[in-house]
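Asker: First, the structure itself, so that you have it in front of you.
The values are calculated or read from the model by the stated rules, or taken from the named source; none is laboratory data. Here the structure is a predicted model, which means the values were calculated and not measured. Note: ideal-geometry Cβ built from the backbone for every residue, glycine included; neighbour counts use all protein chains shown.
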Amino acid sequence: MAPNTQTRIKRIAISAFLLFHIVAITCWCLPFSSPLIAMFDNVIRPYFFWSGLFQSWDTFAPNPKLVNSYIEAIVIYKNGHTRNWVFPRMEKLSLTDRYWEERYRKFVENLREDANVALWPDAGRRIARLNNNNDISNPPEIVVLIRHWSEMVPYRSAPWHAQIFYEYNVKPEDLR
Amino acid sequence: MRLRSLVEAWNQFFFEPQSPLPVCLFRILYGCAVMGTLILLRPEWLTWYGTHAWVSLATMQKVAPGLRLNLFALIPQNDSWIEGLFWVFLGSAVFLTIGLLTRLSSISVFLCLTSIHQRDLYITHSGDTFLRVAGFFLMFAPAGVALSMDRLLRIWRGKEDAPVQPKSPWAQRMIQFEVALMYFTSFLWKSMGAPWVNGTALYYVLHLDEIRRFPIPQWIEQPLMLKLGSWLTLALEFSLGVLIWFKELRYPLLLCGLLFHLCLEYSLNIPMFQWDVLSAYVLFVDPVDINRVLNWMNGRLPAPLRRIAEIPA
């Protein structure tokens with residue numbers, strides 16, 4: 001094959017690759033719903049999830065988060081004693097620590113959502129392990145997750161609310 | 001407009017050879033951003049990705065099913081292997097930054113980065129997403145032809161002597177496209193929310209306890225300033241998404257974007273996010289200007305290193 005033809009074929013192949021990705025990424029990202037875009041998104045979804053090209057650029061949008069919140073856990077031991085455990089709260093940490101621990105903020109933001117119920121048992125298990133005193137006669141038996149939140153009212157302080165949203169019964173194998 | 005002129009414009013934009021300096025410089029900044037992310041995660045590698053992580057691999061596969069590029073699903077599930085994967089990742093990021101085995105390093109970095117995101121999708125922010133999608137296109141870029149150990153080794157072995165040749169910039173263009181699309185869709189999403197339109201959004205953003213960083217001057221917290229700030233954010237995101245393509249407006253917009261991200265870095269605690277995005281600004285800088293700066297710096301480097309960056313004037 002002549003070098004010119006080879007270059008041409010290569011360029012056509014790259015152009016097809018580029019065109020596909022430009023259209024696909026644009027359709028994936030744009031916040032518009034149309035049957036055509038929805039159909040196209042369905043076609044490209046497996047490829048985007050496989051390749052890691054899935055993306056969304058909706059930070060603080062369409063509405064910024066309107067509540068301050070945190071999650072607390074109560075660990076109930078076999079003998080009835082309890083211990084409070086709180087996920088690292090960025091506002092309580094030093095400036096350096098909050099830079100290192102920021103992933104907890106993101107995780108808690110997701111964990112508190114009802115849509116992410118699938119994450120709750122793992123969180124319960126992990127909290128039980130973190131609070132296990134290695135006392136075989138008195139292991140953690142129940143982990144209760146409580147969400148606290150306060151809706152923001154501009155230029156005013158607002159009350160805090162609390163709600164138990166999950167209870168995990170610890171199994172012996174969770175602590176191994 | 002004729003179809004032929006459209007094809008010509010396409011070819012010119014994606015394929016007309018240009019200096020690879022911007023994408024090589026981006027490779028270095030990108031590598032630093034990836035290393036920064038990994039180092040910040042270092043104490044918690046196993047907390048988030050280990051066998052007893054906050055989200056187990058099984059749970060993640062249940063909530064995000066389907067075939068995914070995820071090395072965690074391929075390696076044995078024990079903490080030594082998982083730590084090993086992170087060390088490989090860090091090593092690849094170092095190699096990518098210095099430009100050693102650049103193509104291979106960029107593939108390794110992308111695979112590892114995608115894997116840690118796929119392993120736990122609940123702790124990633126937009127900066128991580130940007131690194132991932134930019135990393136995808138960086139794999140295709142001629143990112144090791146300048147400012148790299150690869151080039152230095154080629155020179156030492158006598159395989160390369162001429163100045164760096166211009167290359168097709170299509171991979172660089174795709175990363176630029178991602179940057180512009182990121183700003184433009186951010187603008188679109190925000191413009192759909194009442195708080196951004198009525199100008200109260202910035203109040204909520206700056207008063208999220210969990211995300212606050214350094215104290216903000218009182219005068220910024222005045223309602224009028226917050227409104228202006230909200231609307232300026234919209235205007236800037238639109239401009240960086242659309243007007244950035246106009247050469248005359250590019251540098252002033254990049255400067256505004258830089259100031260915007262530095263303000264966010266000061267006021268909000270979202271580690272690495274601003275630096276992840278800012279690393280890509282260099283892709284919009286004219287290679288001639290980059291060359292000018294490098295030439296100035298070259299005069300201060302030892303002779304062998306000077307040749308790494310050598311490009312046509």
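Asker: Which of the residues that make up the range B:210-245 are within 23 Å of B:Trp189 (Cα to Cα) and either outside any helix (DSSP H, G or I) or charged (D, E, K, R) (or both)?
Answerer: Scanning the range B:210-245 gives B:Glu210, B:Arg212, B:Lys227, B:Glu237.
Asker: Any chance the range B:169-191 includes a residue that's assigned to a loop (DSSP other than H, G, I, E, B) and touching a Leu at 6+ places or on another chain (Cβ under 8 Å)?
Answerer: No: the range B:169-191 contains no residue that is assigned to a loop (DSSP other than H, G, I, E, B) and touching a Leu at 6+ places or on another chain (Cβ under 8 Å).
Asker: Let me ask you something else. Considering only residues that are within 14 Å of chain A (Cβ to nearest Cβ) and free of Cβ contacts under 8 Å to residues at least 60 places away in the same chain, which ones fall in the range B:4-31?
Answerer: Matches in the range B:4-31: B:Leu6, B:Val7, B:Glu8, B:Ala9, B:Trp10, B:Asn11, B:Gln12.
Asker: Of all residues in the range B:135-159 being closer than 30 Å to A:Glu102 by Cα and either surrounded by fewer than 24 Cβ atoms within 10 Å (Cβ to Cβ) or of a type in the set (Asp, Glu) (or both), which is farthest from the other protein chains (Cβ to nearest Cβ)?
Answerer: B:Met139
Asker: On to the next question. Output yes when any residue across the range A:118-131 is over 27 Å from B:Trp189 (Cα atoms), assigned to a loop (DSSP other than H, G, I, E, B) and not hydroxyl-bearing (Ser, Thr, Tyr), and no when none is.
Answerer: Looking for residues that are over 27 Å from B:Trp189 (Cα atoms), assigned to a loop (DSSP other than H, G, I, E, B) and not hydroxyl-bearing (Ser, Thr, Tyr), one finds at least one in the range A:118-131, hence yes.
Asker: I've got another one for you. Taking the range A:82-91 on its own, how many of its residues are touching a residue at least 24 places away in the same chain (Cβ under 8 Å) and either at the interface with chain B (Cβ under 8 Å from one of its Cβ atoms) or over 22 Å from the mean Cα position of the chain (by Cα) (or both)?
Answerer: Qualifying residue count for the region: 1.
Asker: Would you mind telling me which numbered condition in (1) facing another protein chain (nearest Cβ under 7 Å); (2) surrounded by 15 or more Cβ atoms within 10 Å (Cβ to Cβ) A:Ile71 fails?
Answerer: Single failed check for A:Ile71: (1).
Asker: Can you report the number of residues in the range A:16-55 which are of a type in the set (Ser, Thr, Tyr) and either touching a strand residue (DSSP E or B) at 6+ places or on another chain (Cβ under 9 Å) or modelled with pLDDT under 95 (or both)?
Answerer: Final tally of qualifying residues: 2.
Asker: Any residue that is at pLDDT below 95, more than 22 Å from B:Phe14 (Cα to Cα) and assigned to a helix (DSSP H, G or I) - is there at least one of those in the range B:280-293?
Answerer: Taking every residue of the range B:280-293 in turn, at least one turns out to be at pLDDT below 95, more than 22 Å from B:Phe14 (Cα to Cα) and assigned to a helix (DSSP H, G or I).
Asker: Evaluate the following for B:Gly257: is it in a helix (DSSP H, G or I) and either within 14 Å of chain A (Cβ to nearest Cβ) or free of Cβ contacts under 8 Å to residues at least 12 places away in the same chain (or both)?
Answerer: For B:Gly257, the condition - in a helix (DSSP H, G or I) and either within 14 Å of chain A (Cβ to nearest Cβ) or free of Cβ contacts under 8 Å to residues at least 12 places away in the same chain (or both) - is not met.
Asker: Could you figure out which of (1) aliphatic (A, V, I, L, M); (2) more than 30 Å from A:Leu18 (Cα to Cα); (3) more than 11 Å from chain A (Cβ to nearest Cβ) isn't true of B:Ile175?
Answerer: If we test B:Ile175 against (1) aliphatic (A, V, I, L, M); (2) more than 30 Å from A:Leu18 (Cα to Cα); (3) more than 11 Å from chain A (Cβ to nearest Cβ), just (2) comes out false.
Asker: Same structure, new question: Are any residues in the range A:58-68 at the interface with chain B (Cβ under 7 Å from one of its Cβ atoms) and either in a strand (DSSP E or B) or of a type outside the set (Gly, Ala, Ser) (or both), and if so, which ones?
Answerer: The answer is A:Asp58, A:Thr59, A:Phe60, A:Pro62, A:Asn63, A:Pro64, A:Lys65, A:Leu66, A:Asn68.
Asker: Just for the range A:123-151: of the residues that are within 14 Å of chain B (Cβ to nearest Cβ) and of a type in the set (A, V, I, L, M, F, W, C), which one is surrounded by the fewest Cβ atoms within 10 Å (Cβ to Cβ)?
Answerer: Applying the filter and picking the extreme gives A:Leu130.
Asker: Give the residue, chosen from B:Thr124, B:Thr97, that is among the β-branched types (Val, Ile, Thr) and under 30 Å from B:Leu153 (Cβ atoms).
Answerer: B:Thr97
Asker: Which residue is surrounded by the fewest Cβ atoms within 10 Å (Cβ to Cβ), if the candidates are limited to the range A:15-54 and must be assigned to a loop (DSSP other than H, G, I, E, B) and more than 7 Å from every other protein chain (Cβ to nearest Cβ)?
Answerer: Of everything passing the filter in the range A:15-54, A:Ser33 is surrounded by the fewest Cβ atoms within 10 Å (Cβ to Cβ).
Asker: Could I ask something else about it? I'd like the full set of residues that are touching a Leu at 6+ places or on another chain (Cβ under 9 Å), free of Cβ contacts under 8 Å to residues at least 24 places away in the same chain and either more than 20 Å from B:Met35 (Cβ to Cβ) or more than 7 Å from chain B (Cβ to nearest Cβ) (or both), limited to the range A:92-112.
Answerer: Selection gives A:Glu101, A:Phe107, A:Asn110.
Asker: Can you give me the number of residues within the range B:197-209 that are assigned to a helix (DSSP H, G or I), touching a Pro at 6+ places or on another chain (Cβ under 9 Å) and more than 7 Å from every other protein chain (Cβ to nearest Cβ)?
Answerer: Residues flagged as assigned to a helix (DSSP H, G or I), touching a Pro at 6+ places or on another chain (Cβ under 9 Å) and more than 7 Å from every other protein chain (Cβ to nearest Cβ) within the range B:197-209 amount to 1.
Asker: Let me ask another. Which condition from (1) modelled with pLDDT of 95 or more; (2) part of a helix (DSSP H, G or I) is the one that B:Ile155 breaks?
Answerer: Failing condition for B:Ile155: (1).
Asker: Let me ask something additional. What number goes with the only condition from (1) surrounded by 15 or more Cβ atoms within 10 Å (Cβ to Cβ); (2) at pLDDT below 95 that B:Gly36 does not pass?
Answerer: Exception for B:Gly36: condition (2).
Asker: Let me ask you something else. In the range B:44-60, which residue that is in a helix (DSSP H, G or I) and in contact with a helix residue (DSSP H, G or I) (Cβ under 7 Å, 6 or more places away or on another chain) is farthest from B:Leu29 (Cα to Cα)?
Answerer: Here the answer is B:Thr59.
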